[in-house]
Amino acid sequence: MKVLFIGGTGTISSACSQLAVERGIDLYLLNRGVTTIRPIPEQAKLINGDIRDKERLRTILRDHSFDVVVDWVAYTPQHIETDIELFRHKTGQYVFISTASAYQKPLVKLPVTEDTPLDNPFWQYSRDKIACEELLFKTWRHTGFPVTVVRPSHTYDQTRLPNHGRWTEIDRMKRGLPVVVHGDGTSVWVLTHHRDFARGLVGLLGNARAIGEAFHITSDELLTWNGIFRILAGEAGGTANIINVPSAFINAFDPEWGAGLLGDKAHSMIFDNSKIKEFVPDFKCTIPFSQGAREIIGWFNAHPEWRKVDENYNQLLDRIITAYQSAWPVKQGSKHDW
């Protein structure tokens, strides 16, 4: 099977690239050749090009056709229009990487299934992905363009801390300083290791039953945000001195951070993964976040150049904490800590 990944070296896609070649897939990676911290499989064939340069890419791909094309870096309907034009007659399956943040916010019921409505008034990123899906399924219905949609939720690898402040918050916890966790920290969240995700994604490649279908691919492990920070602090040898702050309060200080909270992470998410398990029987998530956190902290300990502390973010956290404690002077951790 000849497969093209547009991208293929990112947090999620890197594990999919590795698993694809291990399973004997003839894998091509289309990217700009930018240096990556994630190794490219030796068996993969590189095509140097920019998916945003449509005319040059048309020439580069002139003599190629693929059984499957997976676009990891399409974010707007304009990107999808380019892909449809380039690959309409060049692939037997087109896989669009969407997002589970597209699901209805706030949710009416749990667990989330692939039939949960797509509606996110809080986050433009999610609305753009929804528009991409709508265009693709409309094109499939009208012309037969062979689309499969995949909706990852919060997926990580050893280089990718799942907390908003990345290493800055790890550094604060190592020094005993307080960190901000949105809400009361007890909302339910799902973190998926990229090697687990890869089994689901690669199992869909070339799967004729998956044409015209959408899938989310996530772990079944349920975590709280307070719990996530405590796991990270424990692995880093620090203390999770958590200050719980309402998401709307955080949004007032940092609308970008707030959009990701109000449009995604502030909501409890429990996914029903029965559909991907039906289509890909060997899909199973086996890596708990306790193991993933060890991999993450171990990687950062081995790569001091990536242990970057953002002083602007430090100051932002201090401002939020000071303002919130002035407005809501309740001792954190007490029985009245909502």
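Readers should treat all values here as calculations from the given coordinates under stated rules, not as data from a laboratory. These numbers were taken from a predicted model, which means no experiment stands behind them. Don't worry about glycine lacking a Cβ; one is built from the backbone with ideal geometry, like all the others, and counts go over all protein chains shown.
Springs between Cα atoms under 10 Å define the GNM used for the chain, and in it the highest mean-square fluctuation of N207, N226, N120 occurs at N207.
Taking a point 7 Å from the Cα of V34 along the Cα-to-Cβ direction, the residues of the stretch 41-63 with backbone N closer than 13 Å to it are 49-52.
Pairs exceeding 22 Å between alpha-carbon atoms, taken from K174/K265; K129/K265; K45/K284: K174/K265; K45/K284. Taking Lys and Arg as +1 and Asp and Glu as -1, the other residues whose beta-carbon sits under 15 Å from that of G165 total +2.
Tally Lys/Arg at +1 and Asp/Glu at -1 over every other residue whose Cβ is under 13 Å from the Cβ of T91; what's the total? Taking every other residue near T91 into account, the sum is -1. Against the chain, whose longest principal axis is taken from its Cα atoms, helix 13-22 shows a tilt of about 50°.
Count Lys and Arg as plus one, Asp and Glu as minus one, and take only other residues whose Cβ is under 15 Å from that of P255; the net charge is then -1. Cross-link pairs exceeding 26 Å in C-alpha to C-alpha distance, out of K109/K275; K54/K277; K90/K275; K54/K275; K2/K277, comprise K54/K277; K90/K275; K54/K275. Here Q325 and E134 are evaluated by their C-beta separation; at R0 = 51 Å the FRET efficiency comes out at 0.70.
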